[in-house]
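One structure is given here, and the rest of the page talks about it.
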Amino acid sequence: MDLYYLSDSPPCRAVLLTAKALGIELNKIPLDFEAEEHLKPEFVQINPQHTVPTLVDGDFILWESRAIMIYLVEKYGQEDDPLYPKCPEKRALINQRLYFDMGTLFGSYIDYYYPQMLEKKPGNPELLPKLEKAMEFLDIFLSNSDYAAGDTMTLADLAFLVSVSSMEVVDFDIKRYENVYKWYENIKEEAPGAAEDWEMCLELKKYLK
C-alpha cells in the first residue's frame, strides 16, 4: 500500500500510528508541498482534492485520515479488533470522538495555530478560548475512563494523541487539564509508534523555529 504523506502533518501521523498498531507496512511517499508536488497532474489524478494523507491500496484510493484509519482496521485488523470493535455502541462512541476531534478539538487547533505557522500572523485572541473549551470537553470525556472511548485503546485515542502532541509542540499548556494530561502520559507509553510520532512533532518544531 502506498501512503502519500507529509511527515509533520497531524492527520498523516494519525494514519501512521494506526498502521503501526496494526503491524502494517506502508510504502510512504513524501510530498514536498513547498515545491507544490501535491499539485502535479499525476497526484491530482489520484486525489483531485490534492490532500494528504492519501492511501492507494491496489485499485482502491482513499483520503481523509479518519476514513483511512477505519478502513485499515476493517480490512487488515483482527476479526473484532479492539481499535474499532464491531459492537455498534462502541463504534458509535469511537465515531463520536473522531468527529469531535476533527471538527472541534483539532479543528480549533488549526483555526488558532495554522495562521501563525503558515502565514506568520499573530494568534487571534478570539479563537484561543475555543481551543481551551475543546480541551475542557476532552477532559470531561476522560474523567471516568483511562481511554477516550471505553476501557481499551481505540482509534479515538490515536487521533487524540496526535492532536494533543501537536499542541504540546507549540507549548500549549496541557497540564492545566488533569485528566487529559494523565491520559496523555499513559497513551504515549502504550500506543505503538508514539515515539515516532513525537519525532515527527519535533520536525514541526524545527520548521516553526
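The values are calculated or read from the model by the stated rules, or taken from the named source; none is laboratory data. Being a predicted model, the structure only gives us computed values, none of them experimental. Counting neighbours? That spans all protein chains shown, and the Cβs are built from the backbone with ideal geometry, glycine included. Side chains included, ligands, DNA and RNA excluded: accessible areas come from the protein's heavy atoms. Shrake-Rupley method; radii C 1.70, N 1.55, O 1.52, S 1.80 Å.
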Out of all the residues in the stretch 115-138, which are touching a residue at least 12 places away in the same chain (Cβ under 8 Å) and either outside any helix (DSSP H, G or I) or on the phi > 0 side of the Ramachandran plot (or both)?
-> ASN124, LEU127
Do we have any residue at all in the stretch 150-167 that's farther than 22 Å from LEU22 by Cβ, in the same structural domain as CYS201 (by the TED database) and surrounded by fewer than 16 Cβ atoms within 10 Å (Cβ to Cβ)?
-> no
Pick out, from the stretch 1-111, the strands (runs of 3 or more DSSP E) lying fully within it that include 3 or more residues that are open to solvent by less than 70 Å² (accessible area, probe 1.4 Å).
-> 2-5, 54-57, 60-63
What number of residues in the stretch 139-161 are under 20 Å from GLU74 (Cβ atoms) and either in a loop (DSSP other than H, G, I, E, B) or among the β-branched types (Val, Ile, Thr) (or both)?
-> 5
Residues in the stretch 70-84: is at least one at pLDDT 95 or above, on the phi < 0 side of the Ramachandran plot and touching a Gly at 6+ places or on another chain (Cβ under 8 Å)?
-> yes
Among the residues of the stretch 50-92, write down those that are touching a residue at least 60 places away in the same chain (Cβ under 8 Å) and in contact with a Phe, Trp or Tyr (Cβ under 9 Å, 6 or more places away or on another chain).
-> ARG66, MET69, ILE70, VAL73, LYS90
